Amino acid sequence: MRMTPGLRPYFVTLAGCWVGLTIAAWVLARQEHASWIVSAALPAFLIESVFYLGALFAGTRAWFAERFWAWTQGGILWASGLAPYLVFSLAAGTVQERACVALALFTGVLSFWYVFAPRRAAYDIGFLAIAAAPVLLRVFARIYVAPAVHTVVRVEYLGHLTIIHVAAMALLVLRRWNPGPAGPWPNRTEWRAGVLYYLIAVAPLCAVALSLHAVKFAPRKGHWWTIPELAVGYFFAMFWVTAFSEELFFRGVIERALLDRWGWQWVGVVISSLIFGAAHLWLRQFPNWNWILGWAYARTGSIRATMVAHTLVIVTWRIFFTSA
């Protein structure tokens, strides 16, 4: 059967992701002497990657939108939100009725929100609040329970990935929201813009953070080749998860709505940045550099450009600094 051209990048990326996840699971299982990493966590992450990458690629979103009615789309999203949890918890023997009900409630509301709700600002605000609630309340650690108490495998990340892919698909497909170019890889112009805004912001922000004793300069130690490897690993993990989700919701939805409503760039940048900063207060980290991301989005109209700047700042933080 011939592969649909628009889906080819998705399947190529998915194949690479599956190979990487499988290798990582086998290595971790041997290091920790924990067979559940391969028998339970690996299948769950493989399944989640199918849905998560589907939310990243415009081709898969278009395919999904064209082939199913809204009710069916909502049902598929709901099932995709529950499947990774059930696969993991049943295989690991950690399934809990309350956890399953809570996850079904969160994912069900998000999946069917735009099947019933009109496309208005008040309902968009409600949707974003519900999507953010489990993250801010840190409920995933209580839903996704590993069979071992001490383990480096953060199973609760399944919950974060699930909420991101369900919410993103609901917004971009069912709501038909247009945040500008949204995908897994920037073009040349977006790379240049992202790097430029990063360079403009990083030096003064680091200087302010150091002067306020909010951080201290503490470069990672190790063999010379381990630092670039670590930086690359951080970049891709943060780019496709943290940067994608936060830039989509804070810049692509909130700031986009403000820009469309008022038309004044500074209004959208300031308000969306304040909301972004408020949502991150619980992290207790500095610097709060989001204003430059808001300005980058206002100027470029692309969350892929802001994803580049966002990720580079995180990598800089993780490689060269630590909390004071």
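Remarks
- Residue 146 satisfies every condition listed in (1) crowded, with 16+ Cβ neighbours inside 10 Å; (2) at pLDDT 95 or above except (2).
- Screening residue 199 on (1) assigned to a loop (DSSP other than H, G, I, E, B); (2) surrounded by fewer than 22 Cβ atoms within 10 Å (Cβ to Cβ) shows it passes everything except condition (1).
- Single condition residue 60 does not satisfy, out of (1) of a type outside the set (Asp, Glu); (2) closer than 24 Å to residue 238 by Cα; (3) loosely packed, with under 14 Cβ neighbours inside 10 Å: (3)
- The single residue among 128, 110 that is closer than 30 Å to residue 6 by Cα, surrounded by 21 or more Cβ atoms within 10 Å (Cβ to Cβ), touching a residue at least 12 places away in the same chain (Cβ under 8 Å) and not assigned by TED's automatic domain parsing to the domain that holds residue 257 turns out to be 110.
- Scanning the range 303-324 for residues that are β-branched (Val, Ile, Thr), surrounded by 23 or more Cβ atoms within 10 Å (Cβ to Cβ) and more than 14 Å from residue 201 (Cα to Cα) turns up just one, 303.
- Residue 250 vs. criteria of a type in the set (Phe, Trp, Tyr) and closer than 19 Å to residue 277 by Cα: yes
- Annotation: of all residues in the range 90-121 being among the charged types (D, E, K, R) and assigned to a helix (DSSP H, G or I), the one that is nearest to residue 133 (Cα to Cα) is 98.
Per-residue answers, yes or no, for (1) at pLDDT below 85; (2) out of contact with any Cys (no Cβ under 6 Å at 6 or more places or on another chain); (3) small (Gly, Ala, Ser); (4) not in a helix (DSSP H, G or I):
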{"site": "209", "(1), (2), (3), (4)": "yes, yes, yes, no"}
{"site": "222", "(1), (2), (3), (4)": "yes, yes, yes, yes"}
{"site": "240", "(1), (2), (3), (4)": "no, yes, no, no"}
{"site": "244", "(1), (2), (3), (4)": "no, yes, no, no"}
{"site": "254", "(1), (2), (3), (4)": "no, yes, no, no"}
{"site": "258", "(1), (2), (3), (4)": "no, yes, no, no"}
{"site": "270", "(1), (2), (3), (4)": "no, yes, no, no"}
{"site": "278", "(1), (2), (3), (4)": "yes, yes, yes, no"}
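- On the stretch given as the range 124-183, residues that are part of a loop (DSSP other than H, G, I, E, B) and either farther than 30 Å from residue 259 by Cα or of a type in the set (S, T, N, Q) (or both) total 16.
The values are calculated or read from the model by the stated rules, or taken from the named source; none is laboratory data. Predicted, not measured: the structure shown is a model, and the values here were computed from it. Because the Cβ atoms are built from the backbone with ideal geometry, glycine has one as well, and the counts that use them run over all protein chains shown.
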